[in-house]
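Asks: Provided herewith is a single structure, encoded as structure tokens, for subsequent inquiry.
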Amino acid sequence: MESDSETNSTSDNNFDARKYQEVYYGADPKTQQADVESKFVLEFLHDIFASGHVAGGSLIEIGAGPVLYHIVSASERFNTIYLTDYYEESLHKIDKCLQGKKDAFEWTPYLKYICNLEGNTSTPKEKMEKMKRNIKLMKYDVTLANPLQPNTVPQADCVIVVGCLICACKTPDDFQNALNNISSLVKPEGYLIIVDYLGASYYLIGQTRLNVLSLDENAVRQHVTDAGFSIEEFKVGNKFGIHREVFDCKEVFCLLAKK
Ligand SMILES: C[S@@+](CC[C@H](N)C(=O)[O-])C[C@H]1O[C@@H](n2cnc3c(N)ncnc32)[C@H](O)[C@@H]1O
């Protein structure tokens, strides 16, 4: 496959946040709905947060990028959500959405889907208002022992990391270190949620190819356990709207683990 540039996510300084939103989260032009893989992930997150046992004062989302929808269900359960990423530009895109700027990315199809899962007890607009009140944006680097430096926050009741670790880590050892660092941010008895991909080697943003770490389910389970968590749920999905040439993953997984 030809590409203008080839890079690892962390060293890359040309992560095109807007193009990423459009390629991976643009609504289906015919149905105007979220794609099949996102629905699988949103149902997993909805089930966890609707159950009420994963709740508390604070949640940290790691490597959110320019993507807002993974913490919508969680925003009903936590007073403060620290939404973080390595790139300032991605956090800026999130801020635009929260401020309701005209050129902000349109998350309504995703918000509608979540509202529907919740029995339409609130509207997409109310969801955005709630998130605007409880989200704090912050820089995060998974490679650092204090990944939030120069900031510090109290240990969280829950940490969620979606589609970030296989991008930010080049080797299984990096993956383990990143999980160990994440573990230090979780309260004893707190929860870790990971959504990521198995058997992937790259994804494209336009013509830019970003390499990712290929892992299988057993390796993920072992790393999470070695970081001090016990896995309570591990779900795997294999339906994707995105073409395999754009992102060559084999499966998506969602896991819930307790420290
Ligand atoms: C494929 S994107 C995923 C974005 C979003 N969470 C999603 O699910 O679509 C990978 C994300 O990992 C972030 N990332 C890369 N290296 C990182 C690092 N060292 N620390 C934290 N985040 C990093 C990137 O900035 C990017 O937002």
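Throughout, read-outs are computed from the coordinates displayed, never taken from laboratory work. As the structure is a computational prediction, the values presented were derived from the model and not from experiment. Please note: Cβ atoms are built from the backbone with ideal geometry, for glycine as well, and neighbour counts cover all protein chains shown.
Asks: May I ask you to list the residues in the range 87-128 that are in a helix (DSSP H, G or I), out of contact with any His (no Cβ under 8 Å at 6 or more places or on another chain), closer than 22 Å to Pro29 by Cα and of a type in the set (A, V, I, L, M)?
Replies: Correct list: Leu111 only.
Asks: Continuing with this model, one more query. Go through the range 139-189 residue by residue and tally those that are among the β-branched types (Val, Ile, Thr), away from the ligand (no atom under 13 Å from the Cβ) and either in a loop (DSSP other than H, G, I, E, B) or more than 20 Å from Lys259 (Cα to Cα) (or both).
Replies: Here the count works out to 3.
Asks: Moving on. List every residue pair whose Cβ atoms sit under 7 Å apart, with the two residues 6 or more apart in sequence or on different chains, where the first one lies in the range 232-259 and is farther than 17 Å from Val212 by Cα and the second, anywhere, is of a type in the set (Val, Ile, Thr) and surrounded by fewer than 16 Cβ atoms within 10 Å (Cβ to Cβ).
Replies: Close Cβ pairs satisfying both conditions: Lys239/Val36; Phe240/Val36; Gly241/Val36; Leu255/Ile231; Ala257/Ile231.
Asks: While we're here: Under 7 Å between Cβ atoms, which residue pairs at least 6 apart in sequence (or on different chains) link something in the range 49-69 that is on the phi > 0 side of the Ramachandran plot and in a loop (DSSP other than H, G, I, E, B) with a partner that is among the basic types (Lys, Arg) and more than 7 Å from the ligand (Cβ to nearest atom)?
Replies: none
Asks: Related question: Against the definition (assigned to a strand (DSSP E or B), more than 15 Å from the ligand (Cβ to nearest atom) and surrounded by fewer than 17 Cβ atoms within 10 Å (Cβ to Cβ)), how does Glu245 come out, yes or no?
Replies: In short, no.
Asks: Go through the range 138-159 and count every residue that is closer than 19 Å to Phe78 by Cα and touching a residue at least 24 places away in the same chain (Cβ under 8 Å).
Replies: 8
Asks: Taking the range 49-84 as the region of interest, how many residues are among the aliphatic types (A, V, I, L, M) and out of contact with any strand residue (DSSP E or B) (no Cβ under 6 Å at 6 or more places or on another chain)?
Replies: 5
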